[in-house]
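Trainee: Pasting in a structure now, in structure tokens, and then I'll have a few things to ask.
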Amino acid sequence: MTQTEGINAINQNDSSSNKMNLISKKRVDANDYSRFDNIDISDSEAEEEKPLEKKSEVKSKCRNCYNYGAKMKCSICKKAAYCNRKCQSSDWTFHKKTCRKPTPPKNDAREHGDPASARASPKEKEKSSTPRAETQKKTDNCALQEVVIDESDLGDARGYKNGLPYFHRELSVEDQKLLGDTAPKKMPIISGTDGSKHEGSAWNAAGTFEERNFIKWAEHRLSKILSSVKLTEGTIHGSIQAPLNLTGDASICVIRGRKRYLFDFSFELPFVLTVEGHHTYKGSYTMHDISNDGDFEISYGLEKNPQDEAVLNALSKFVGDSHSGLQQEVLRAIQEFAAEFEKQ
């Protein structure tokens with residue numbers, strides 16, 4: 001190391017020590033911001049502050065003509081601005097659809113859904129600071145106590161205190177009298193019906209369907225009764241002969257313990273008419289649906305009509321009228337047969 005290099009190193013050490021001494025002597029408070037007062041604002045920061053100033057200086061815009069400098073405001077909503085009365089009146093037809101009064105600011109207590117706490121005193125507010133669950137329990141207990149005190153009839157309701165439903169309550173004496181004895185009772189044993197009382201056969205004690213055929217008896221008896229019919233009115237004499245082409249059935253049925261006498265026949269019934277003892281005319285009745293219901297179908301005809309019209313009219317009345325003459329006697333004979341049939 002040369003002499004000149006050593007001298008330079010010594011000088012450098014001296015200068016660095018002098019700088020450290022100057023820094024130690026010049027101490028600055030960290031919270032003192034006065035040292036930034038003389039610092040100039042940069043161009044970029046100045047440009048950022050200019051738009052804010054312009055925005056604050058911007059005037060309100062008219063809602064109708066869109067010109068700046070509107071000074072009038074809507075008296076209801078306090079938001080819409082106008083240049084003059086003319087703009088306001090022309091825009092009112094559109095603005096009234098959305099114009100609303102400004103809502104007043106809500107208190108904190110009302111926002112939380114507790115309007116009573118907003119009017120409460122400081123002591124009550126301190127009490128309300130307790131947990132919400134505890135306050136609910138207290139209010140519920142108070143409500144139950146009030147209900148029990150107000151309604152005196154709840155003492156009779158058994159399920160009110162122990163949690164049972166309404167139907168587990170104890171009945172009073174009056175309720176028991178109203179209900180009466182509703183316990184199930186044993187029904188008396190009814191003896192079976194006597195089989196001898198029903199109208200069927202001895203073997204048919206239950207009274208089920210039973211039928212007995214009486215066709216032969218009915219044919220024989222009906223022919224005998226009808227062939228005996230004779231009638232004389234004035235100069236006309238009539239007589240009935242035995243029925244021809246007799247078809248049908250007759251039976252006695254037992255239905256539900258009751259006898260039913262059923263018959264239904266169809267046949268031709270010849271007759272002979274004599275006028276004044278020497279003029280004879282033959283004919284016949286055509287009988288349909290001669291049954292137990294009494295709804296008969298009867299028609300008649302003569303083999304040869306008399307030439308005298310007066311005689312023809314007299315014979316027609318004597319044979320064809322169901323309320324008089326020969327036909328009435330035939331109907332009476334059928335009723336006689338039905339009465340005998342019901343005696344079987």
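Only the coordinates and a few stated rules stand behind these numbers; no lab work does. The model shown is predicted, which means the values in this text are computed figures rather than measured ones. For neighbour counting, all protein chains shown are included, and Cβ atoms are generated from backbone atoms with ideal geometry for every residue, glycine included.
Trainee: If I model a spin label at Arg212 and Cys77 as a point 7 Å from the Cα along the Cα→Cβ vector, what separation in nanometres do I get?
Mentor: Taking the simple label geometry, Arg212 and Cys77 are separated by 10.7 nm.
Trainee: Follow-up question, since we're still on this one. What is the distance in Å between the Cα centroid of the stretch 241-302 and that of the stretch 57-96?
Mentor: Spelled out, the Cα-based centre of one part sits 114 Å from the other.
Trainee: Between His288 and Glu170, what is 0.36 nm times their sequence separation minus the Cα-Cα distance? Round to one decimal in nm.
Mentor: On the way: separation 118, 0.36 × 118 = 42.48 nm, distance 7.73 nm.
In short, 34.8 nm is gained.
Trainee: Leu312 to Glu342: extension gain in nm, 0.36 nm per residue of separation minus the Cα-Cα distance?
Mentor: On the way: separation 30, 0.36 × 30 = 10.80 nm, distance 3.93 nm.
Extending this stretch completely gives an extra 6.9 nm.
Trainee: When the Cα atoms of the stretch 210-341 are enclosed in a convex hull and the volume is divided per residue, what value in Å³ results?
Mentor: Details: hull volume 12.7 nm³, N = 132.
So the per-residue Cα hull volume is 97 Å³.
Trainee: Then there's this: Between Lys304 and Asn204, how high is the FRET efficiency from 1/(1 + (r/R0)^6) when r is the Cβ-Cβ distance and R₀ = 51 Å? Nearest 0.05. It would help to have the intermediate numbers written out before the result.
Mentor: Details: r = 55 Å, r/R0 = 1.08.
Working from the Cβ atoms, E equals 0.40.
Trainee: Would you mind computing, in nm to one decimal, how far apart the modelled labels at Ile255 and Thr93 are, each placed 7 Å from Cα along Cα→Cβ?
Mentor: 8.9 nm
Trainee: For a quick size check, give me the Cα extents of the stretch 56-98 along its three principal axes, largest first, whole Å.
Mentor: Extents along the principal axes, in whole Å: 30, 18, 13.
Trainee: Hey, another quick one. Find out how many positive minus negative residues lie around Asp249, taking Lys and Arg as positive, Asp and Glu as negative, among other residues whose Cβ is under 11 Å from that of Asp249.
Mentor: Working: positive: Lys216; negative: Glu211, Glu219, Asp264.
So the environment of Asp249 carries a net charge of -2.
Trainee: Rounded to the nearest 20 Debye, what is the dipole magnitude of the stretch 228-310 about its Cα centre when Lys and Arg each give +1 and Asp and Glu each give -1 at the C-beta? Please report the intermediate quantities before stating the final value.
Mentor: Working: 7 positive and 12 negative charges, 119 e Å.
Roughly 580 debye for the stretch 228-310.
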